[in-house]
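Reviewing the structure listed below.
Any read-out appearing in this document is the output of simple, stated calculations on the displayed coordinates, not a laboratory observation. Given the structure is predicted, the values throughout are model-derived calculations rather than measurements. With ideal geometry, Cβ positions are generated from the backbone for all residues, glycine too; neighbour counts draw on all protein chains shown.
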Amino acid sequence: MAGASAKVAVAAGVVALGAAGWLGASVYTGRSVQALLADLAADDPAAKGLSFGQLRHETGLLASSGQVNVLWREACGAPGGRAAQQALEVSYEVSHLIGPDGLARFSWKAKPTGEAGAALARVFGQEARLSGEGKVTFGSVVQSSVSMPELVASLPASGSPQPGEVRLAAASGRLQFDRQALSIDLGSPRLLLQGAGQAVELKGIALDVDLSDRARGLGTLALSAEAFSAGRVSGEGLRLASSVAERGDRIDILFSPSVREVRAGEPIARQMDLEFGLRNLHAPSLRTLESLLTESCDLSELPEPSRARLGEAIRTLLAQGFSAGVSRLKGGLREGSVDGRLDIELKPSGPAPAAPDALGARLRASGELNLAGALLPAPQKQMLLSMGIATESGGGLKASFEYGDGVLRANGRTLDAALASGAIATLERGLASLTRLQPKRRDEEGHEAGEQKADAPPTAGPGGVAVPVPGAKF
């Protein structure tokens with residue numbers, strides 16, 4: 001009997017020690033959660049994009065609560081370079097008790113604040129709110145569900161006797177983020193806009209965001225709809241996607257719109273796929289330009305040291321070279337199909353940085369367009385063939401060109417490159433002037449140089465003809 005009692009006592013002691021350790025770890029978890037939130041809210045207040053701020057956290061023994069603002073700043077959202085800022089106020093409650101699936105569990109509610117919140121409240125009422133439940137994993141990754149009620153708003157009548165309406169069905173999904181990464185998967189079954197006798201409907205809407213670095217925008221974003229209709233036009237499989245990828249000191253920026261089918265009574269397009277963008281851009285120069293645009297969207301307002309950085313960043317970006325164009329244009333049309341591409345490459349200048357007005361020798365361009373089937377009436381097709389704009393290929397038409405070293409070839413024939421050379425010269429002059437922008441000067445009364453005072457006559461040149469003042473706004 002005594003032995004049994006001893007075993008019970010030992011077991012009770014083990015349980016008590018385990019419970020104490022669990023509670024102690026849970027208390028420590030509360031501190032870790034607070035540190036994680038403080039770390040997230042320590043973002044640069046001037047940075048654009050998604051960030052967190054104004055954390056108000058209250059920590060208890062086994063639970064905590066508080067509020068934090070989720071901010072979206074646009075670099076050029078307002079005149080004078082003042083960044084536009086949209087914000088969500090998130091209220092949360094956290095349980096610190098460690099479970100088998102993570103360090104903590106939480107629930108939250110979010111509502112728009114500031115000017116954005118007031119505008120949304122006027123349009124949608126007070127129901128434009130998000131909510132969800134989630135957990136903090138053992139790797140300090142935050143995972144949560146997201147839900148939003150149906151939103152209905154009236155639109156101005158715009159000359160119609162009846163006002164319009166926008167109706168977004170209840171949306172739901174999931175999000176996940178840590179110090180750098182962010183992923184969002186959000187969907188709604190239907191979006192309807194109608195008014196003035198017109199209606200646009202999207203079904204099966206989905207937003208997919210997967211950013212490896214949310215501060216720098218690296219990753220992918222896609223907005224899609226399973227089906228859409230607008231009047232007589234309808235279709236399926238609409239998708240608008242973009243990606244930003246970094247490879248060492250290079251960045252690729254791509255846009256990829258596509259649609260599976262478009263109909264107007266009968267199919268008029270199918271499997272249309274387009275990809276265009278910029279590749280192999282010099283990442284450090286891009287970051288400098290992004291920083292300067294955030295500092296002043298009107299580049300003429302930059303102080304002199306920043307203007308020097310602007311010129312150097314543009315020169316380096318051009319000297320490092322990059323490529324641009326349409327890497328894919330493909331799809332089927334009612335009477336045939338189309339397949340094309342356009343490649344433009346600016347080769348690196350070599351060890352010595354090149355001036356912005358020395359691009360012609362490094363510029364290469366080529367392109368090709370194939371039209372299969374009976375896309376064009378016979379007279380138009382014959383006219384293109386006779387003019388040498390296209391050649392016949394497999395019953396269809398093919399047009400191609402190449403440009404480099406001041407020589408232009410189209411469909412295998414050498415042509416006069418004066419027009420292309422003139423366009424390049426214009427581009428060179430524009431880039432050169434951008435690197436030499438002069439700062440705006442103000443007089444002692446605060447007027448910009450070149451700005452006419454209200455009671456002053458225009459400056460006159462020889463013969464009394466009014467002429468612009470040097471340094472005027474451009």
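Structure notes:
- In order through segment 226-239: 3J(HN,Hα) via Karplus (6.51 cos²θ - 1.76 cosθ + 1.60), integer Hz, x for Gly, Pro: 5, 8, 8, 8, 8, x, 7, 8, 9, x, 9, x, 7, 8
- Cα-centred dipole magnitude for segment 256-313, charges only on beta-carbon of K, R (+1) and D, E (-1), debye, nearest 20: 260
- Summed side-chain charge close to Ile205 - residues other than Ile205 whose Cβ falls under 10 Å, Lys, Arg +1, Asp, Glu -1: +1
- For the peptides 414-425, 53-64, the ranking by packing is 53-64, 414-425, with the highest mean count of neighbouring Cβ atoms within 10 Å listed first.
- For Glu261, residues with placed amide H under 5 Å, excluding near neighbours: Glu236, Gln271
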